[in-house]
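Undergrad: Right, I'll just put the structure down here and ask away after.
Derivation of every value follows stated rules applied to the coordinates shown; laboratory data play no part. Being a predicted model, the structure only gives us computed values, none of them experimental. With ideal geometry, Cβ positions are generated from the backbone for all residues, glycine too; neighbour counts draw on all protein chains shown.
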Amino acid sequence: MIEKYSNLLGVNDWVTKVIFVLIVVISINIFTKVILINLKKQIEKTENNWDDAFVSSLFRPITFIVWMLGIIFTVQLFNENEHLLDNSFISNLKKSTFVIGISLFLYSFSKHLQELIIEKNISKNIDFDDSTIEAISKLARLSILIIATLILLQTFGLSISGFLLLEALVG
């Protein structure tokens with residue numbers, strides 16, 4: 001089937017495969033957006049605000065993961081013909097895509113929770129210290145970034161213990 005379209009377009013097989021992958025990625029992206037928008041509409045009807053924060057935090061990470069996996073799959077198709085990259089590097093890219101996607105979700109979720117807590121306290125006229133809530137939220141987001149960075153370093157073969165030792169020596 002791919003050969004038929006390749007001959008019709010007058011291009012190589014891998015170019016047709018790349019175009020097909022691009023169409024599939026765009027379709028999956030639109031499909032996930034529609035599902036998330038419908039889910040968000042349903043969840044907004046509930047009184048619980050935590051689920052609103054959860055679903056709102058899913059948009060960017062899912063879009064990122066879908067597009068990155070599409071790009072990685074395209075690189076794999078190109079690599080089958082050209083053999084420019086090692087397969088372990090492509091595997092590490094897939095792993096790092098999920099690590100970054102989960103980190104994006106957690107980062108966004110902590111930001112949404114901060115906004116929810118502040119909004120809830122304001123609406124109930126509760127006396128609170130918003131700078132404490134912001135500080136805790138910023139510490140949580142910083143922790144997420146540090147842990148994600150350490151996981152990514154380990155994924156690409158850099159020793160975390162060596163990195164931490166270097167950090168301790170530098171100061």
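Undergrad: Output the relative contact order of segment 1-147, whole-number percent, from Cα pairs under 8 angstrom with separation of 6+ residues.
TA: It rounds to 23 percent for segment 1-147.
Undergrad: Once you sort the root eigenvalues of the Cα gyration tensor of segment 42-83 as a ≥ b ≥ c, which label holds: rounded (a/c under 1.5), prolate (a/b larger than b/c) or oblate (the other case)?
TA: prolate
Undergrad: For F109, F128, F78, what's the fewest-to-most ordering of other Cβ within 10 Å of each Cβ?
TA: In increasing order of surrounding Cβ atoms, one gets F128, F78, F109.
Undergrad: Give, in nm to one decimal, the length gained when the segment between E119 and L158 is fully stretched (0.36 nm per residue of separation minus the Cα-Cα distance).
TA: 9.8 nm
Undergrad: Next question. Rounded, prolate or oblate: which one fits segment 50-147, using the alpha carbon gyration tensor with axes a ≥ b ≥ c (rounded when a/c is under 1.5, else prolate when a/b beats b/c, else oblate)?
TA: Cα axes put segment 50-147 in the prolate bin.
Undergrad: Let me ask another. Just list whichever of K33/K94; K33/K124; K45/K124; K33/K111 have alpha carbons separated by over 31 Å in the model shown.
TA: From K33/K94; K33/K124; K45/K124; K33/K111, over 31 Å: K33/K124.
Undergrad: For the chain, just say rounded, prolate or oblate: build the C-alpha gyration tensor, square-root its eigenvalues into a ≥ b ≥ c, call rounded for a/c under 1.5, and beyond that prolate if a/b exceeds b/c, oblate if not.
TA: oblate
Undergrad: Which order do peptides 32-38, 57-63 fall in by mean Cβ count within 10 Å, highest first?
TA: 57-63, 32-38
Undergrad: Against the longest principal axis of the chain, how steep is helix 13-43, in degrees 0 to 90 to the nearest 10, with axes from Cα atoms?
TA: 20
Undergrad: Summing +1 for each Lys or Arg and -1 for each Asp or Glu, what net charge is found among the other residues whose Cβ lies under 15 Å from the Cβ of G70?
TA: +3
Undergrad: Kindly provide the helix-only [θ] at 222 nm of the chain, computed as the sum of -39,500 (n - 2.57) over DSSP H runs of four or more divided by all residues, to the nearest 500 deg cm²/dmol?
TA: -29000 deg cm²/dmol
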